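What follows is one structure encoded as structure tokens, with my remarks underneath.
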Amino acid sequence: MRIKRIITFFLAVLVSLSVFFTFSTPIVRANGDTVPTQYYQQLDLNGTLVYNVSAFGGPSSWYNYEGDWGSKVGDFESNVGGQIEVNITGFFNRDPEDTNGDLFPDTKMPWLDVEIFKNGEVNANFTRNNCSNSEAAGQLVLGYGDFKPGFLIPINNFTELKKLANFGSDWIWGAAALTIEETFNFIYFDFAQIGGGQTTELIYDKQSGLLVWANTSVGGYTLEIKSLNFTLNNERTYNYNIINFGDPQSWWNYNDSKVDGDINTNPSGVIKVNFTGDYGKHPNDYFNAFDNPIPWMNISFIENNSGVLNKNFTFVNRSNGECASNLIIGYNGFQSGFRVPVNNVSLLIDFAYDEKNGYYKGNVVVMESDLTIKILYNQYPSGQKTHMIYEKLTGLLLWVNTSLSNYLLEMKIEGYTPWFDEPAPETGPPPVSIIFLPYLIVIIVSVAIVVPFEFNSRVSGKSKKYALIAMIAASSFSGLFFFNTNMNILLGSSTLNQQVNNITLIVDYGNGTTYESPTFSLYAGKTTPYDALDAWCEVETAYYQGLGTMVYSINGCEPVGGWTYEIIGRIAGEVTTTALISGDTVKFIAHL
């Protein structure tokens, strides 16, 4: 009996230990050292991700996902100059108590160690070991609603990721706005509750899926962080797909001041770029006003011959200035080429505007999206036309459309779609028939009223007179209403179109000299006759009470009788408020 009891006791202990270890070891911890296929396969699971803190409002409390609403782990706090360090410990199942409705997968979710530091302190202000990416996203507000991407996103399907982002914003109480933008390197989510509440901006590296930058706030909590781990990959080949290419172009070699040969490519061809580092400018790079160091690169030109790619030329270790000058990717001293410095975007924009007054004078327009900067240069009265888009965080060239004489190059980096504002419904002049339609209706109604009264013997002359007066009043009011409505349409809507295409500008200097631009487009709501003129010419204006803005100088020409303008084929209103529509021809005329 005693032996039986001893055996029973040991069996009970073994069962208890088994149960204890089963429940004390999370079910989420299986196979965590394998990176799932939807994530970047070269992730360093032993490395530390470091984020500099540039804004913090708090302190704030951290709750884990144990229990219905979680239990408080502690308070965390940082400040300007502080840091957040993150280690990816593996990929495991969602925490069983994580009922937060996160849209990311229940299995194979990133798990993390998170340490938060204040500026000037050696030890961490707060440490949270072994928490899910979903928990970290929720506590640091690196997401919104059911969309909690946190520190790492899957990179296998960005179309599906954007669907999840939109779906996540739909679960927010109250109205919210969501903007998503993609470039070659990044994807950006900008979420804001309308009327106040949470605002969250997140930028991720599309190659690794890692969080690059975040700026988020809700209530009294604010956090802005930037990754110290992201750098532009110089070992990567950047392929630029050719959209248009003109005649072969001679390549001037800065090393020995001679022509190396004629470069050539064609639509569906490729220009390949490998950056070799940042160094000083070449002594012959005197056109280039960018400060040292500047990028250097290997560059290859490839033609597409019936689907077969054949290399035309390769230049080894050439400066960005030499590439910019030969390919006309830049203007005057703004030899921007394949990469621009973006440590101070405001200074870059000022530089772009300053160089419009270089040796070849032209007009410059700079437009920005959240991730990109677009620079448009048009030499006047004619000549070079160079339009470029660069990535703000890296300075990498994304798209260029440049031409001079018989040279033409339009190309975009592989996998990128150049942004243009989506055109709003255009406001054009009504058909001529519609302008007279109200008057036709008034006449028909008047006849319909007068005839029965006139031929009805039982209606007195006095009643007929009152009816006629009422008819005239109604007709006058209706005519005035319809006249004003149609004239407002005819003169152009006060609502400007976001984009107009195939615009032509004509400038008649009144002395037999006339300039006519090629067709062009206007973007970002800058779609008035003044914007069309400003895109190609140096313009000076003055405002007159009761008349509005008047143009008095174009390219230095100030005629005694001033300047007037017209939109060919329809009536023109005030120069800075009239809405152009696609296909308009705008003509400015000098009165000498």
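The values are calculated or read from the model by the stated rules, or taken from the named source; none is laboratory data. Keep in mind it's a predicted model, so treat the numbers as computed, not measured. Every residue, glycine among them, receives a Cβ derived from its backbone with ideal geometry; neighbour counts consider all protein chains shown.
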Among (1) surrounded by fewer than 23 Cβ atoms within 10 Å (Cβ to Cβ); (2) modelled with pLDDT under 90; (3) under 20 Å from Ile187 (Cα atoms); (4) touching a Ser or Thr at 6+ places or on another chain (Cβ under 7 Å), Val141 falls short only on (2)
From Tyr204, Tyr279, grab the single residue that is in the same structural domain as Gly307 (by TED's automatic domain parsing) and of a type in the set (Phe, Trp, Tyr). Tyr279
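Among Asp205, Asp278, which is more than 25 Å from Thr417 (Cα to Cα) and acidic (Asp, Glu)?
Values: Asp205 fails: more than 25 Å from Thr417 (Cα to Cα).
After ruling out the rest, the residue left standing is Asp278.
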In the stretch 524-538, residue surrounded by the fewest Cβ atoms within 10 Å (Cβ to Cβ) [restricted to those that are modelled with pLDDT of 90 or more and hydrophobic (A, V, I, L, M, F, W, C)]: Leu533
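Which of the residues spanning the stretch 518-547 are among the small types (Gly, Ala, Ser) and free of Cβ contacts under 8 Å to residues at least 12 places away in the same chain?
Ala542, Gly546
For the structure I just gave you, tell me whether Lys258 is assigned by TED's automatic domain parsing to the domain that holds Tyr380 and without any contact (Cβ under 8 Å) to a residue 24 or more places away in the chain.
Working: assigned by TED's automatic domain parsing to the domain that holds Tyr380: yes; without any contact (Cβ under 8 Å) to a residue 24 or more places away in the chain: yes.
Yes; evaluated as a whole, the condition is true for this residue.
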Of (1) at pLDDT 90 or above; (2) more than 24 Å from Lys226 (Cα to Cα); (3) surrounded by 15 or more Cβ atoms within 10 Å (Cβ to Cβ), Arg94 satisfies all except one. Which? (1)
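Please count how many residues of the stretch 329-356 are among the β-branched types (Val, Ile, Thr), surrounded by fewer than 20 Cβ atoms within 10 Å (Cβ to Cβ) and touching a strand residue (DSSP E or B) at 6+ places or on another chain (Cβ under 6 Å). Show your work before the answer.
Our first condition is that a residue be among the β-branched types (Val, Ile, Thr); within the stretch 329-356, this holds for 329, 340, 342, 345, 349.
Okay, now just the ones that are also surrounded by fewer than 20 Cβ atoms within 10 Å (Cβ to Cβ), so 342, 345, 349.
Still in the running and touching a strand residue (DSSP E or B) at 6+ places or on another chain (Cβ under 6 Å): 349.
Looking only at that region, the number is 1.
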Within the stretch 318-344, work out how many residues are under 17 Å from Asn378 (Cα atoms) and assigned to a helix (DSSP H, G or I). 3
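Can you pull out every residue in the stretch 129-162 that is in a strand (DSSP E or B) and of a type outside the set (Ser, Thr, Tyr)? Talk me through it step by step, then tell me what you get.
Keep residues of the stretch 129-162 that are in a strand (DSSP E or B), which gives 129-132, 144, 147, 152.
Those that are in a strand (DSSP E or B) and of a type outside the set (Ser, Thr, Tyr): Asn129, Asn130, Cys131, Phe147, Leu152.
For the stretch 236-272, which positions are closer than 30 Å to Gln207 by Cβ and not β-branched (Val, Ile, Thr)?
Let us first name the residues in the stretch 236-272 that are closer than 30 Å to Gln207 by Cβ, namely 236-245, 263, 265-272.
Arg236, Tyr238, Asn239, Tyr240, Asn241, Asn244, Phe245, Asn266, Pro267, Ser268, Gly269, Lys272 - these are the residues of the stretch 236-272 that are closer than 30 Å to Gln207 by Cβ and not β-branched (Val, Ile, Thr).
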Please state which of the following conditions Gly174 fails to meet, knowing it meets all the rest: (1) part of a loop (DSSP other than H, G, I, E, B); (2) in contact with a Gly (Cβ under 6 Å, 6 or more places away or on another chain); (3) modelled with pLDDT under 90. (2)
